[in-house]
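Notes follow the structure.
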Amino acid sequence: MTTQISTKSFLSLLFPLLILVFAGAAWGQELIELPEYRAFPWIGSRVAVWVAAEVHLMFAAFVLGVPMFAVIVELIGVLTGQERYDKMAREFTKLLAIAMSTTAIWGGVLLFLLLTLYPRFMNYLSEVFLPTLWIYPMLFFLEAFTLYIYYYGWERMKDGKSKWFHLYLGLQLNIVGTILLLVANAWATFMMTPGGVDMKTGALMNIWEVIDNFAWWPINIHRLIANVTFGGAIVGAYSAFKFLHSKTDEDKAHYDWMGYVGNMIAIWSFLVLPFAGYWLMRELYQYDQTMGITMMGGFLSWLWIIQAVLISSLFLASNYYLWLGMERIDGGERYQKYIKYMLSVLLLCVWVWATPHSLVVTPEEVALMGGVHHPVIGVFGVMSAKMTAVNFMILTSAIGFMFYRRANKVATVSYALKLNLLQAGIFAGVAAYVLYLGIDGYFVEPSIRVNKYSVWQVLAVLFAILSTTVIDLFLFKDSKSLGKFHWGKMPQRSQYILIFIAVSFTWLMGLMGYARSAIRQHWHVYKVMEDTSVDAFAPTLGFAANVVSVCVLIFLGLVMFIFWLGSLADHKKEDASLSPEPAQ
Amino acid sequence: MNTLKVILFTFLVVGFYSFYANSIPQTESHPPKKISLNAKLSEDEMIEAGERVYSTKGTCGICHAIGRKGSRGPDLNGVGLRAASRKADFSAKAYLLESLLKPSAYLVEGYAPMMPPMASILTPGEVMVTVAYLQSLGGKVDITPDDVRAVMQVKASQVSVVPETVSPAPVTEKPVVSATASEPQLGDPVKGKAVYNTLCIACHNPDPALAGAIGPEIKGASRDLLEARVLRAEYPQAYQPKRDTKMMPPMAHLANDIVHLTEFLK
């Protein structure tokens, strides 16, 4: 098994590299006149490249996100001395080894398709990005070999100083992976916000400005955080899958705990993502207002409503998972009575967030509504209301998590009542402040709303989360326990929630990938190289959603296959551990 | 059995998102058709092309509307008829051309001068068909390529519109006679403030000493800088921009206000 994976992985890495080497040489010599485009049968060139790129990116996010998760978990294991953390980190690194090959295969497919279907475009990109095309495969080799040493050396580097070297390898894995991400992001973002080239002729002027283009860092940060989220969500789904197939209480307890940790990492990193996305959008507006308008007020405006539905579903699902989780904690029933209030707030926020604002509407729709905005709820379709709704959702989730943390604890300190009141006061005060800014936001200049009020709302919510967490440390010092966490005592539907979260994250990633590409509209490289193919138009959101769904199903299907491969290795181990038993 | 359930559940979730995305308004976004002033277009073709420019590249519908008040601009229903009587000695097409190329020259009561001059966004051919479309809204279409050439001073050799990737839009707006030479050297800061608060704060901070949502702090900007940046969307030689943005359109119609802006920003 080990040899098979290594050989396959090596070949899958070598193949794209050879293509790059030979293709690069061929482009440079200009031996033949390249056609503009070639057609892919049946589904067309664009959809073929779209699917290959999206599935490749999903796997790339998997192989970059999961190592971040694995190393952090391994470090926790070393620091706490708890074996279960080490076991979990190793379990995921095993999946990585298989996923790395799949990522490389899809990368090869993508490259093949681009070279054959878009030769002129690839010729231009290779001219502009030539140095990075040499660096990238080398980094890929380094990444792959680091991963294999990291995984296969786990047992050998288990104890003492060698364990720290093993952790260093994990760190190196993440650093190289991040650099790979930065290089690939330079290609993608150059197509959106090109810099360092003559905008009239497209000629290369400065390679660093080509790489460090306007959207590069915003995308880098956004994708880095998103990869952590994605890694956590996939870990959650894997754990749920294993939980549902577990036959012993011990296995159920392990995978229940693993799913909880994965989900927590996914949700908490996810909370930061809207702010990174906000920064990215602001940068795009600064680069080219038309691009910003196209995205927020033009044909893509409905996309943000789909996004609101997705993210709202994620908030509801993650809160529901927490509420179900309290059922497995002795004493958790004390907080059940608050769930209906939290659910009401969340649903109200979902309603506000999903209210459309600037939309492409038909005259019939305008006539039905009596204007471009809905007569009653239209007032909620603006940024001030939506930012307030998002912050309330984050605040409500934080309160839910606070209840979860204290579910089996009773404070014994003499000043418990005061600290409880202080926490309640902080939450109430921050909620009132966020609401006040949300209302006042209707009456101030956009620049104040964008630059000040939004930031103040976020800072206030962060203050509430951090301060109440710190207060908890004092409040529950020497606390009395009402019982323990009964890991594994979770209803099956809780595991479907974890799967729902992973599927929704994956779908959201696909949708945002479409948004990033669609804002270029009929340009391969925005305002530098025009798309003159038959696909030089942005399809409907419905069509895009169908393609995204296909990509998600391909990705998840392959991930399930990888999980199954991983379980085959487990069966082998179980068989091996059973075989030495002497017959009685 | 559990595996099957997980697969079915996954299909259900993915199917729900697809279904939702397919149940909302569906719009395809096509690239604007290149329109040359030399192209021989029938009246219907011009109107059809103009409507496309209106709703796509021109992004007119974001502010204006037809048959109702727009979010920021006036209702354009019947503008083809009204245009002929808006300004004395201006025919409908002359008024509409001016409205597109120098939008602040005449303002409908109750609306701020916030529309950018369209010469920096549309090609001469696109300006022509847009005027034709606007004329068709209640009026008679009589715009000709020569009308556009006369106003936009398009050289004959530049008329055939080439892809924007190869050369910039072949537009040279009629040079604005700089009034600054005949203006007093010191402007009126009150007038400057009025201009600033009307136009600039859409992107710059209401307090020019602070950075705005989109534009940087501009307090102390010199007259040279303002003339270059505001009138021509350029920077003076050797000037290091605070932000590497390309979004501020040239606002040649503010030539008379530069001196006041300079004084206000001191």
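Spot the failing condition for B:GLY61; the list is (1) part of a loop (DSSP other than H, G, I, E, B); (2) within 13 Å of another protein chain (Cβ to nearest Cβ), and only one is missed.
Failed condition: (1).
Looking only at region A:435-468, count how many residues are β-branched (Val, Ile, Thr) and touching a residue at least 40 places away in the same chain (Cβ under 8 Å). It would help to see each step written out before you state the result.
Restricting attention to region A:435-468, the residues satisfying the condition of being β-branched (Val, Ile, Thr) are A:439, A:444, A:448, A:450, A:455, A:458, A:461, A:465, A:468.
Subset that is touching a residue at least 40 places away in the same chain (Cβ under 8 Å): A:439, A:450, A:458, A:461, A:465, A:468.
Count: 6.
Scan (1) of a type in the set (Lys, Arg); (2) closer than 21 Å to A:LEU475 by Cα; (3) crowded, with 20+ Cβ neighbours inside 10 Å for the single condition A:ARG449 breaks and write down its number.
All conditions are met except number (2).
On the basis of being closer than 21 Å to B:ASN205 by Cβ, away from chain B (no Cβ under 14 Å) and exposed (fewer than 15 other Cβ atoms within 10 Å of the Cβ), does A:TYR415 make the cut?
Numbers: closer than 21 Å to B:ASN205 by Cβ: no; away from chain B (no Cβ under 14 Å): yes; exposed (fewer than 15 other Cβ atoms within 10 Å of the Cβ): yes.
Here the answer is no, as A:TYR415 does not meet what is asked.
Test A:GLY510 against the criterion of being buried (at least 21 other Cβ atoms within 10 Å of the Cβ), more than 7 Å from chain B (Cβ to nearest Cβ) and within 19 Å of A:ILE43 (Cβ to Cβ), and give yes or no. So that I can check it myself, show each step before the final result.
Working: buried (at least 21 other Cβ atoms within 10 Å of the Cβ): yes; more than 7 Å from chain B (Cβ to nearest Cβ): yes; within 19 Å of A:ILE43 (Cβ to Cβ): yes.
Judged against the criteria, A:GLY510 is a match.
Given A:LEU459, A:LEU482, A:LEU475, A:LEU466, which one is more than 21 Å from A:TRP50 (Cα to Cα), in contact with a Gly (Cβ under 6 Å, 6 or more places away or on another chain) and away from every other protein chain (no Cβ under 12 Å)? Before you say what the answer is, go through the steps one by one.
Numbers: A:LEU459 fails: in contact with a Gly (Cβ under 6 Å, 6 or more places away or on another chain); A:LEU475 fails: in contact with a Gly (Cβ under 6 Å, 6 or more places away or on another chain); A:LEU466 fails: in contact with a Gly (Cβ under 6 Å, 6 or more places away or on another chain).
Sole residue among the options that is more than 21 Å from A:TRP50 (Cα to Cα), in contact with a Gly (Cβ under 6 Å, 6 or more places away or on another chain) and away from every other protein chain (no Cβ under 12 Å): A:LEU482.
Would you call A:VAL78 out of contact with any His (no Cβ under 6 Å at 6 or more places or on another chain), of a type in the set (Val, Ile, Thr) and at pLDDT 85 or above?
Details: out of contact with any His (no Cβ under 6 Å at 6 or more places or on another chain): yes; of a type in the set (Val, Ile, Thr): yes; at pLDDT 85 or above: yes.
Answer is yes for this residue.
Is it the case that region B:76-95 has a residue that's under 30 Å from A:LEU303 (Cβ atoms), of a type in the set (Phe, Trp, Tyr) and surrounded by 18 or more Cβ atoms within 10 Å (Cβ to Cβ)?
no
All but one of (1) more than 20 Å from A:ALA61 (Cβ to Cβ); (2) of a type in the set (Phe, Trp, Tyr); (3) surrounded by fewer than 20 Cβ atoms within 10 Å (Cβ to Cβ) hold for A:TYR321; which doesn't?
Among (1) more than 20 Å from A:ALA61 (Cβ to Cβ); (2) of a type in the set (Phe, Trp, Tyr); (3) surrounded by fewer than 20 Cβ atoms within 10 Å (Cβ to Cβ), A:TYR321 violates only (3).
Evaluate the following for A:TRP154: is it within 21 Å of the chain's Cα centre (by Cα) and of a type in the set (Phe, Trp, Tyr)? Let's see the steps before the verdict.
Working: within 21 Å of the chain's Cα centre (by Cα): no; of a type in the set (Phe, Trp, Tyr): yes.
Considered against the rule, which asks whether it is within 21 Å of the chain's Cα centre (by Cα) and of a type in the set (Phe, Trp, Tyr), A:TRP154 comes out as no.
Going through region A:529-543 one residue at a time, which ones are within 7 Å of another protein chain (Cβ to nearest Cβ) and either surrounded by fewer than 18 Cβ atoms within 10 Å (Cβ to Cβ) or over 15 Å from A:ALA48 (Cβ atoms) (or both)?
At the first step, the residues of region A:529-543 found to be within 7 Å of another protein chain (Cβ to nearest Cβ) are A:529-530, A:536-542.
A:MET529, A:GLU530, A:ALA536, A:PHE537, A:ALA538, A:THR540, A:LEU541, A:GLY542, listed by residue number.
State all residues of region A:440-456 that are modelled with pLDDT of 85 or more and more than 14 Å from chain B (Cβ to nearest Cβ); if no residue qualifies, say none.
A:ASP440, A:TRP456
So A:ARG516 clears everything in (1) under 26 Å from the mean Cα position of the chain (by Cα); (2) closer than 26 Å to A:GLY381 by Cα; (3) touching a residue at least 12 places away in the same chain (Cβ under 8 Å); (4) within 14 Å of chain B (Cβ to nearest Cβ) except one condition, right? Which one?
In the conditions (1) under 26 Å from the mean Cα position of the chain (by Cα); (2) closer than 26 Å to A:GLY381 by Cα; (3) touching a residue at least 12 places away in the same chain (Cβ under 8 Å); (4) within 14 Å of chain B (Cβ to nearest Cβ), A:ARG516 misses (4) alone.
What pairs come out if I take residues in region A:527-555 that are in contact (Cβ under 8 Å) with a residue 24 or more places away in the chain and pair them with residues that are part of a helix (DSSP H, G or I) and surrounded by fewer than 18 Cβ atoms within 10 Å (Cβ to Cβ) whose C-beta lies under 7 Å away, six or more apart or interchain?
Filtered contacts from region A:527-555: A:ALA545/B:ASN22; A:VAL547/A:VAL47.
Return the residue satisfying two criteria in turn: it lies in region A:102-160 and is acidic (Asp, Glu) and surrounded by fewer than 21 Cβ atoms within 10 Å (Cβ to Cβ), and of such residues it is modelled with the lowest pLDDT.
Narrowing region A:102-160 to residues acidic (Asp, Glu): A:127, A:143, A:155, A:159.
Imposing the further condition that a residue be surrounded by fewer than 21 Cβ atoms within 10 Å (Cβ to Cβ) reduces the set to A:127, A:155, A:159.
Details: A:GLU127: 91, A:GLU155: 89, A:ASP159: 83.
Residue satisfying both the conditions and the ranking: A:ASP159.
Do any helices (runs of 4 or more DSSP H) lying entirely in region B:162-266 carry at least 1 residues that are surrounded by fewer than 17 Cβ atoms within 10 Å (Cβ to Cβ) and modelled with pLDDT of 80 or more, and which ones are they? Write out each step before concluding.
Numbers: elements: B:189-198, B:223-226, B:258-265.
Correct list: B:189-198, B:223-226.
Could you grab the pairs with beta carbons closer than 6 Å, sequence gap of 6+ or different chains, first residue in region A:270-288 and among the β-branched types (Val, Ile, Thr), second one modelled with pLDDT of 85 or more?
From region A:270-288, the pairs are A:VAL272/A:ILE225.
In region A:480-506, what residues are of a type in the set (A, V, I, L, M, F, W, C) and assigned to a helix (DSSP H, G or I)? Before the answer, list the steps.
Taking region A:480-506 and keeping what is of a type in the set (A, V, I, L, M, F, W, C), we get A:482, A:485, A:487, A:490, A:497-503, A:505.
Scanning region A:480-506 gives A:ILE497, A:LEU498, A:ILE499, A:PHE500, A:ILE501, A:ALA502, A:VAL503, A:PHE505.
Give the residues of region A:324-351 that are touching a Lys or Arg at 6+ places or on another chain (Cβ under 7 Å) and surrounded by 14 or more Cβ atoms within 10 Å (Cβ to Cβ), sorted by residue number. Let's see the steps before the verdict.
Step one: of region A:324-351, the residues touching a Lys or Arg at 6+ places or on another chain (Cβ under 7 Å) are A:328, A:330.
Passing the criteria: only A:ARG328.
Regarding region A:327-338, can at least one residue be identified that is among the charged types (D, E, K, R), over 14 Å from A:SER494 (Cα atoms) and either within 14 Å of another protein chain (Cβ to nearest Cβ) or in contact with a Ser or Thr (Cβ under 6 Å, 6 or more places away or on another chain) (or both)?
Here is the first cut: in region A:327-338, the ones among the charged types (D, E, K, R) are A:327-328, A:330, A:333-334, A:337.
Filter once more, keeping what is over 14 Å from A:SER494 (Cα atoms): A:330, A:333-334, A:337.
Still in the running and either within 14 Å of another protein chain (Cβ to nearest Cβ) or in contact with a Ser or Thr (Cβ under 6 Å, 6 or more places away or on another chain) (or both): none.
No, the conditions are met nowhere in region A:327-338.
Could you identify the single residue in B:THR10, B:THR3 that is surrounded by fewer than 14 Cβ atoms within 10 Å (Cβ to Cβ), under 23 Å from A:ILE501 (Cα atoms) and among the hydroxyl-bearing types (Ser, Thr, Tyr)?
Numbers: B:THR10 fails: surrounded by fewer than 14 Cβ atoms within 10 Å (Cβ to Cβ).
On inspection, the qualifying residue turns out to be B:THR3.
Within region A:186-212, track down each residue that is more than 22 Å from A:GLY513 (Cβ to Cβ) and among the polar types (S, T, N, Q).
A:THR201, A:ASN206 - these are the residues of region A:186-212 that are more than 22 Å from A:GLY513 (Cβ to Cβ) and among the polar types (S, T, N, Q).
Only one of these conditions is not met by A:PHE214: (1) surrounded by fewer than 19 Cβ atoms within 10 Å (Cβ to Cβ); (2) within 23 Å of A:PHE190 (Cα to Cα). Which number is it?
Just one mismatch for A:PHE214, condition (1).
How many residues does region B:13-37 hold that are facing chain A (nearest Cβ under 7 Å) and assigned to a helix (DSSP H, G or I)?
Kept after step one, since they are facing chain A (nearest Cβ under 7 Å), are these residues of region B:13-37: B:13-14, B:17-18, B:20-22, B:24-31.
Then keep just the ones that are assigned to a helix (DSSP H, G or I); that gives B:13-14, B:17-18, B:20-22.
Going through region B:13-37 one residue at a time, the tally reaches 7.
Take the conditions at the interface with another protein chain (Cβ under 10 Å from one of its Cβ atoms) and not in a helix (DSSP H, G or I) and apply them to B:LYS40. Does it pass?
On the way: at the interface with another protein chain (Cβ under 10 Å from one of its Cβ atoms): no; not in a helix (DSSP H, G or I): yes.
No: the conditions fail for B:LYS40.
The values are calculated or read from the model by the stated rules, or taken from the named source; none is laboratory data. Because the structure is predicted, anything quoted here is derived from the model rather than measured. Ideal geometry is used to build each Cβ from the backbone, glycine not excepted, and the neighbour counts take in all protein chains shown.
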